[in-house]
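Heads up, the thing below is written out as structure tokens.
Values in this text are rule-based calculations from the coordinates and carry no lab data. These numbers were taken from a predicted model, which means no experiment stands behind them. Neighbour counts are summed over all protein chains in view; Cβ atoms, including those assigned to glycine, are modelled from backbone coordinates with ideal geometry.
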Amino acid sequence: MKIYEGKSSIDEDEIIRIMIRETIKEHLDKKKKLNPKGIKVLSLFFLNKVDDYLLEDGVVRQMFEEEFNNLIKNNEFQEFSSLDVKKVHSGYFSKMRRDISIEEDEDAYDLIMKDKERLLSLGEPVEFIFSHSALREGWDNPNIFNICTLAYSNSEIKKRQEIGRGLRLPINKDGDRIQDREINILTVITNESYKEYLEKLQTEYREEAGVESPPVEERKQRITIKLKNDVLQGDLFKNLWNRISPKAKYIVNIDSSKFVEQCIKEIQKIELKEPEISIKKGRVDKINSEGTEEEFIRVSDEKVKITKVINLITFIERETNLTKRTILEILKGSNNLNLLFLNPQQYAEKVTEVIKECKKTSEVNGIQYVDLNESYGIDLFREEVASYGKYVIKVQKSIYDGIIKESNIEEEFAKALDKDSRIKLFMKLPDWYIIETPAGNYTPDWAIVVERVQDSKKEEKIYFVVETKGTNEIYELRADKKIKIESAEKRFSASLINDFKFIAPVKDFESFEERL
């Protein structure tokens, strides 16, 4: 099996065109070799949208006919120059009767779905078949040598089902099965990365075989953790909850000049290359639940001329909700509009991304939280919470008799908290506890009550809200997570008394201790 990889940041239609061209080239190359042996070559296209092919002016139909006619004029395939492009392709879709006559619909159905012998005849001109989902199951043809997945997004058709349409021993004009390793090669043309495609396919084979598939959790394995009402009614929890339960909304005051200045500074860092599509071709001799055997055959880059025009101002305005005046001010100051003509779509997307991030950062810098005079009630805590045993950690110092972990970091952190004599109470904040931020709703991980002893005297209890992550440095987090944490820090510091602290991010208990 061979797989092509098309990868680019350019307009998706350009990628689709390259994929169609590569499929036709592969088809004609095999046709030259196999037709003289009495073997009919068929190629199958899986479409994302039916109308892309079904309509007479459908984008895929037009691309296919243009690329086919161009290729058969080349010296490499000149023996096929007399072929009529209108006759070499056909398709069957469940919605065909909507747009074409019943007679044409029935003829396509009979040829593709029923009359296998006629379709495999060298005298039948149809060689390329287009489908959406009608051919996914219950249909197979031994002479499918090429499969092209023209999906604009991830296809719902599983990869194992897709290639299953072509994993058959081909037959010749006499009906004999061909068992030749160099002939029996299925080519898959996809716009996913080579590695990603194989990994997903490998996963499907493993799931099918039951190898390393997720274990089936049985109901008897579920554990119930119970709310400790005595802790809920105690002073430790009440004092903590009184501090963190009030709800608030935020307002922002953006410094426009600083915002524009920051946008310009970041946009000037944008780097673009002349658009090109990378095509990788490899051969996989074995793929099953146990492993794969593969080798690369060639890698090539094809430069693409961008013809699509984009209204940059309108695009940015729609994506960012900024005024045209502000957008123009940013673009004029950026001094790199020449990149727009190199790759319009990518430049517009990168500029928009920069503006969105700068906007969120500016909002955090100017954010203020206003109390709403309402709070999260303790009645929201459920009396019992059930989960699978492997996710539950039994603890002593929380409002429940167990904690449901989401990671190994959380497990180790909870165990350390439970053992430390300075920790008087801790709780995993429930998902209904929400802080609104410019980057979306946010729930910190932990609320903690700490008691210090200094010079043999107990100090006032300190209340913490902590975010456990795999790092102690906030700049290492994703931009949206960073914005949420910084907003939450301002929320707590603005409305809570001095003995309350918000610490984030925290990698482990040791780093938490250092910041006590």
Query raised in the report: So for region 363-415, what are the equivalent ellipsoid semi-axes in whole Å, largest first, each being the square root of 5 times an eigenvalue of the Cα gyration tensor?
Result: 30, 18, 10
Report summary line: What the 5 Å binned alpha carbon P(r) of region 14-76 shows, as percent of pairs per bin from 0, is 4, 17, 24, 24, 17, 10, 5, 0
Query raised in the report: Any idea how far apart N335 and N239 come out in nm if each label point goes 7 Å out from Cα toward Cβ?
Result: 5.8
Requested in this report: Would you mind listing how long region 408-460 runs along its three principal axes, going by Cα atoms, in whole Å with the largest first?
Outcome: 45, 26, 15
Query raised in the report: Say the cut-off is 18 Å between C-alpha atoms; which of K265/K484; K273/K360; K359/K482 go over it?
Result: K265/K484; K273/K360
Query raised in the report: ³J(HN,Hα) across region 417-422 via Karplus (A = 6.51, B = -1.76, C = 1.60, θ = phi - 60°), whole Hz, x for Gly/Pro?
Result: 4, 5, 8, 7, 5, 6
Query raised in the report: Taking a quarter of the surface of the Cα convex hull of region 388-516, what do you get in nm²?
Result: 8.5
Query raised in the report: Which GluC sites (Glu not before Pro) does region 30-93 hold that lie in a coil by DSSP with at most 11 other beta carbons within 10 Å?
Result: E56
